[in-house]
Structure formats: C-alpha cells, structure tokens
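> Let me give you the structure first, and then I'll get to my questions.
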Amino acid sequence: MAERDSSCQKLTLDVVEESLQNILKFLTPHLKLANTHASDFITKNHWDILQPEIQQELLSFPNLHLKTLPFDVHVRNKISNDTVLSSDECPDLTISEETNTFSSNESADDKVFTQLSKFCADASRCTIEGCRLDTSVSDLLKTFNSSQQQDFVGAFMDEKKCHEVEIMSGVCATLTKHCRSDLVLDFGSGKGYLSNQLVLQHGIPVIGADARDINTRSAERRKNILAKQWEGLERNVKLASSNQKLTKKEKKKLKAASDKSINDVMKSSGDGIDNSTVKSTHSQPNCVKAKSACKARFVPCTVYIDKETDFMDIVEKCIPEILEKRRNRLYSAAGDNCQSKQVCTRKTIHKLPNSFKHSYESVDMINDHIISNLASVSVSNDCNSEQSDRITKAEDESSCKPIICENSNAEMAVNYHLCEHCSCSDNSVEDGESLLTTERCEQQPPQNDFRILLTGLHTCGNLASTSVELFATSPVLTALCNVSCCYHFLHERFLNNEDNCSASDETEDEYGFPMSNFLTERKIVLGITARNLACQSVHRVAEANQLQGEQFYPRALLEKIVTDLCDMGSFKWTGLRKLLQKSTSDFGYIKAACHKLGVSDQISDDHIRQYLVRFKPERAKQAAFFQLKTILAPCIEALLVLDRVCFLLEQPTVRDVYLVKMFDPLISPRCYGIVALK
C-alpha cells in the first residue's frame, strides 16, 4: 500500500470524474440494497436481495466483528487494493495472502468469507478517503501559510458545536485573509455560533443570513450576550491555558479598567494582582478587547437567498459602513499610486452630472491630493472658476500634454472614471461640472471588486447545493467554505416527485442532486432511503457495540403480522417508536402496537406467539443485513459530495477546489467541507 501524500491536494476535473465513475460502477448494482426499509424487511423479503454466498457468509460471520464491520471496513483497517482486513486489528480473523480474503479461527474449521471480503474491499475504495481526494485541515492551512495558534474561546456551546466552530472559524479566518475578503456571509447561520466566533475572535465582519426569523432573533440574543461577556471569557481562557487564576477582587478590578490599556491596569494594581500574569494573558489578546472587536459587526438578518439575490444590496442594508470604507480606501490608493509611480499617461476632462457632484463631495472623492498628482490639462469653457484654479495648479506640476473632452452634447455618453482601478463606471451625463480623469494606468492596480466569503456550517439539504451554485455564478462571492448535512432533504432531479423529499417549500426546478454535468448526463437517481443511509455514521454504529438491526426486528415483525391478518386500511404508524422504547419484550411491544393501531380484535396473543416462533431466524438475518447495508453509507455520501466538487470544477470561474476533512467524524459525522476559490 503506497503512502499517502501529506500535501494539500488541489482537485482536478479528470481525477474527480474518474472517481465518480468508479463509485457509480460499484454502487449502481447495490442501490436496491441501499433503498430497503427496515420496517418492511420481512414483508418484502429483503434478505433475498443478497446473493446466496453473501447470505451464508453473513450468518456465519462472528457477531463480535459483525458489530464493528462497517467501521473496520472504512476506518480501522484502511482496506486498499492490496489488503482486506488486518490480522493485527482483528485477532480472531486471518488473512489469506493468496486470495485476499479474511477467515474466522473461532472453530477448528476455518471459515473463509470470499464474497463478503470482496464486497468490503470494493466499498472501501469507493469513499472519499478511499479515492484519496480529501486533505486535512493542517495541510490546507499550510497551503495558505497559516496555522491555528489562537486559544479558542468557546462559550454556551456543547462539545460537538465547540469542536466544529473552533475548526471552521479558523479555516474561514485563513481564507478571509488569503482572499482579502471584505466580509463573510454565513449562509443558513442559525443561532450564529460560527458568525459570532468570526467577529469576536477573529475581527471579521459577518452577515448571518437565515430564512427563519426565529433563528435570526436567537442569533441576535446570543450576539448581545457574548458582546457583554467576551472580554471575561477570553481572559479566563488565557488564564486557564497558563494554569493561573485570579481572585474575584482581581477580576473585578480588571473589569473596571477594561477601557484602559493593560499597562495602566498593571501600574494601578496594588491589591496583589500578579502583574506578570496579567501581562502574559492580556498583552496580545486575540481581539485586543471586545469593544474594539465589535468594530467588525455581526448582523443577523432574515432573508431567503436564491439565484436572483443581490448580495451587494444585502451588504448595503446590513453593514453600509463597510462599503463606505471600501470606497475611501480605493480612492486613497488611486491617489497614492499616481503620486508614487507617475503612471497616469492619458488625461481627460469629462463632464460630471450635478447629481454625482454632491455624492463625490460627501466622501471627498475629488480632493486636492488626487488632482495635484494628475498631469497638466487645458480647461474647457464648461469648467467653473474654482475647478479651473485647481486644474491650473496641476499644470504647474506636470508637463504631460492632456487630451480634452470636446463633447458638448449632453446626450452623449462620456466617461467620468478617475482611474481604471476606481469603482466609477461609464455613464451618460448631463450638464454639470467637469472632472479630470485618466483613461489608463501604465501598471494595472489591484481589482476593486467587493469580495465576500460564503460559508455555511452544516447547511441542510438543498441549502448546501444552493451555496455551491451561488458561489459559482455570483461574481461578488470569491471564496467558499461549506460543510453540508441532511442528505435526505435533497431534491433529486430524476426522482419521481412523489418520492422526493425537501426540507422547505421549494419550486420544482430547484434540485440539489445531481449538480454536475457528469452525473446529470447519466440521469443518476439515488432515492430517499439511500440518501438517508448516507447520513449514517460508521463510527457511531461501531461505538454502539451492538447489532443495531436487531432493534428493527419487532417493528418489521409487526408489519408482517398486520399485513397477513388484517384488512389493510389506512393505518397511522406514527408513535410506535415510543412503544418500542417502553416495552421489555417483543411480545409486549407487538401487543401494545396492535392496540394502538386498533387491530387487537383481529390479532390474538396466540397469533403473536406463532409469528414470534416462525420468524425467529429473521432477527439474525436483519441484524446482519443492516450491518452490510451500513457499509454503503460512506460510498453514497462520497457520490453526493463529489457531485458538488465536480460541478465546481466544471465552472470556468472557479480556480481551486479542495475537499477537506474538517472534523473528527466520531464527534461530527458530517465532517467533509468543500473549499473553493475564484
């Protein structure tokens, strides 16, 4: 088995398409298995879907290893083209070097599992890790010359959310710096866990967009609470990391001095506060102070985002000051560039409409600093005396001969841009003041487009595919960092409408799968049960250390009994799960369920006992069947995620795409994130 390259892997279209093709080749004949439902296992005789050889091997496979089989296949043993299962990891199983199969030594007669071994090996190669397409967070950060060295300040979050927010916020902060993004748009922000962290710990302005107003209100409340307590939370984390504590009196004194510099706090300290401790924990805080960090604001808003959304309109409504600062910075940079390099080579006097005059003066876009560094010009008769004086001053400082705009027709379109890197555009102007401009710069300055990083932590269902599509089509979105979840809520393009499932009321033409041309041309269909299976975690199945399929057996037997003995009407099968949790035996559950369904008069106790005896072997079959089916879960997830990656790589505007294993899958099973840059 070749060693894996530890460098960050930039994905290419041909590699991803080849992986998709291999996954399809394995998965297509097993989709019927993936779409079986546990409740009708006996009724529809799902066991017969399996080949007779697989059936025999599953029933004779040691229960000890059957419990962790999906985990062993995809994680523990790293099955590759050359190996199946490691004898070191499974001491009761041995490997045949000649046939690449594993066998049991529990009895004198070795049992070889040839077909099961082949199924497991093929499945292992058809996952994201099996295709070797993923990269680690550390490798991604190294690619962008960054590392997560800050102490994470987690508050009011459970362990899972802390783990996710700590890593995701670090990656988003790195991407924001690398891409020089002006702000982050948190798509499907929920209660604002990630958004608040980006603002308070990393000083990045964030707009949290969520379609549900209740989430927006929760995010607003959380923001207000954290803003008040952030400085103390940050101090406590730093003290804890240095194994030091402050008394209540010391904390109170520090809080009272929060508006002063840390040096002033130490000088005024006379109550036994350890100055070295305070200095070490506050001299270089992550955000200096909560008050200064709040200059970068988090603004939650309730908005439904689709393909027609104007993102700049959202920015203008939520954080207008960031646009004003951006404009001022651009015009300042324009003046400095012309002054330092004298690169403006062509000058023009253009008419400026009166409507623009006031807006320009309000932000001081036309100032003596810019004018004084432009070349000399001849003044047209339309310029007023004040403007003429300013331009005459510029003539004394330059010998470049200008080009004068002679267009006096008010209906003619005239350029009035300051420089190529200014944000003004060509417009039709009417009567007004003239404006000195340059038409070209000798050296191309940085682009002036507004940059937004689009992110989403566990975007649900179609929200994830929408994020990917928006990033590809919107010029203002220049970076993407998305982790998805809830594959069962996706809308499939080629699935019958009655079988489709969606998390929200969407139009019929909004589909989340497939997205790529590669899969769309093949009209790939998965099915809702298969997508639901993709949400299964092989890590948690192994952690449970039990044959989970056994718990579905009473429900499957109940359906068989009702189907055989009752006149099938419109039964309401809801609420039966609670009965199963309360019941101490299969007989008790089935009897209580029959009463709830209203069929007790048709099903006697003797009927229940007869069925329990008759279908007893189905319990072991269903348990083994479920473990085998779970092996397909990472393969289906790989197809769904790689479809989005393939879609991005098909777009000419997308430059780089990375598939990052963001989280510990035991803590957060939906752990794969898509990072893309334009």
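The values are calculated or read from the model by the stated rules, or taken from the named source; none is laboratory data. All figures in this text were calculated on a predicted structure; none of them were measured in a lab. Counting neighbours? That spans all protein chains shown, and the Cβs are built from the backbone with ideal geometry, glycine included. Please note that ligands, DNA and RNA were not included when accessible areas were found on the heavy atoms of the full protein model with its side chains. Shrake-Rupley method; radii C 1.70, N 1.55, O 1.52, S 1.80 Å.
> Only one of these conditions is not met by Val15: (1) among the hydrophobic types (A, V, I, L, M, F, W, C); (2) open to solvent by less than 30 Å² (accessible area, probe 1.4 Å); (3) closer than 25 Å to Cys646 by Cα. Which number is it?
Tallying (1) among the hydrophobic types (A, V, I, L, M, F, W, C); (2) open to solvent by less than 30 Å² (accessible area, probe 1.4 Å); (3) closer than 25 Å to Cys646 by Cα, Val15 fails exactly one: (2).
> Follow-up question, since we're still on this one. Every residue in segment 168-219 that is small (Gly, Ala, Ser) and closer than 15 Å to Val675 by Cα, please.
Once the filter is applied, which keeps residues that are small (Gly, Ala, Ser) and closer than 15 Å to Val675 by Cα, segment 168-219 yields Ser169, Gly170, Ala173, Ser181.
> Say whether the condition of being assigned to a loop (DSSP other than H, G, I, E, B), among the β-branched types (Val, Ile, Thr) and in contact (Cβ under 8 Å) with a residue 60 or more places away in the chain is met by at least one residue in segment 147-154.
So far as segment 147-154 goes, yes, one or more of its residues are assigned to a loop (DSSP other than H, G, I, E, B), among the β-branched types (Val, Ile, Thr) and in contact (Cβ under 8 Å) with a residue 60 or more places away in the chain.
> In this structure, does Leu526 turn out to be part of a helix (DSSP H, G or I) and modelled with pLDDT of 95 or more?
no
> Something else now. Look through segment 18-58, keep the residues that are among the polar types (S, T, N, Q) and within 22 Å of Leu558 (Cα to Cα), and return whichever of them is most open to solvent (accessible area, probe 1.4 Å).
Checking each candidate, the answer is Asn45.
> To continue, here is another question. Applying the selection to segment 175-199, what residues are assigned to a helix (DSSP H, G or I), touching a helix residue (DSSP H, G or I) at 6+ places or on another chain (Cβ under 6 Å) and closer than 24 Å to Asp449 by Cα?
Within segment 175-199, Leu198 is the sole residue that qualifies.
> Identify the single condition in (1) at pLDDT below 90; (2) surrounded by 14 or more Cβ atoms within 10 Å (Cβ to Cβ); (3) not charged (D, E, K, R) that Phe71 does not satisfy, given that it satisfies every other one.
(1)
> Scan segment 187-196 and give yes if some residue there is touching a residue at least 24 places away in the same chain (Cβ under 8 Å), surrounded by fewer than 23 Cβ atoms within 10 Å (Cβ to Cβ) and polar (S, T, N, Q), otherwise no.
Checking segment 187-196: not a single residue is touching a residue at least 24 places away in the same chain (Cβ under 8 Å), surrounded by fewer than 23 Cβ atoms within 10 Å (Cβ to Cβ) and polar (S, T, N, Q).
> Do we find that Asp92 is acidic (Asp, Glu), closer than 22 Å to Glu550 by Cα and at pLDDT below 95 in this structure? Working first, answer last.
Working: acidic (Asp, Glu): yes; closer than 22 Å to Glu550 by Cα: no; at pLDDT below 95: yes.
No.
> Consider only pairs whose beta carbons are under 6 Å apart and that are at least six residues apart or on different chains; among these, list those whose first residue lies in segment 40-54 and is within 19 Å of Leu116 (Cβ to Cβ) and whose second residue is open to solvent by 20 Å² or more (accessible area, probe 1.4 Å) and of a type outside the set (Lys, Arg).
From residues that are within 19 Å of Leu116 (Cβ to Cβ), the pairs are Glu53/Gln115; Ile54/Gln115.
> When Leu649 is evaluated against the numbered criteria (1) of a type outside the set (S, T, N, Q); (2) open to solvent by less than 20 Å² (accessible area, probe 1.4 Å); (3) at pLDDT 95 or above, which criterion, by number, is the only one it fails?
So the condition that Leu649 fails would be (2).
> May I ask you to say which residue of Thr653, Thr630 is of a type in the set (S, T, N, Q) and more than 25 Å from Leu11 (Cβ to Cβ)?
Thr630
> Moving to a separate point now. Do we find that Thr455 is farther than 17 Å from Glu510 by Cα and hydroxyl-bearing (Ser, Thr, Tyr) in this structure?
Numbers: farther than 17 Å from Glu510 by Cα: yes; hydroxyl-bearing (Ser, Thr, Tyr): yes.
Considered against the rule, which asks whether it is farther than 17 Å from Glu510 by Cα and hydroxyl-bearing (Ser, Thr, Tyr), Thr455 comes out as yes.
> Now, a different point. For segment 663-678, how many residues meet the condition of being among the hydrophobic types (A, V, I, L, M, F, W, C) and either modelled with pLDDT under 95 or within 20 Å of Asp72 (Cα to Cα) (or both)?
So the answer is 4.
Every residue, every condition in (1) open to solvent by 40 Å² or more (accessible area, probe 1.4 Å); (2) in a loop (DSSP other than H, G, I, E, B); (3) in contact with a strand residue (DSSP E or B) (Cβ under 9 Å, 6 or more places away or on another chain), yes or no:
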| residue | (1), (2), (3) |
| --- | --- |
| Thr584 | yes, yes, no |
| Lys591 | yes, no, no |
| Cys594 | no, no, no |
| Asp606 | yes, no, no |
| Lys621 | yes, no, no |
| Leu628 | no, no, no |
| Arg644 | no, no, yes |
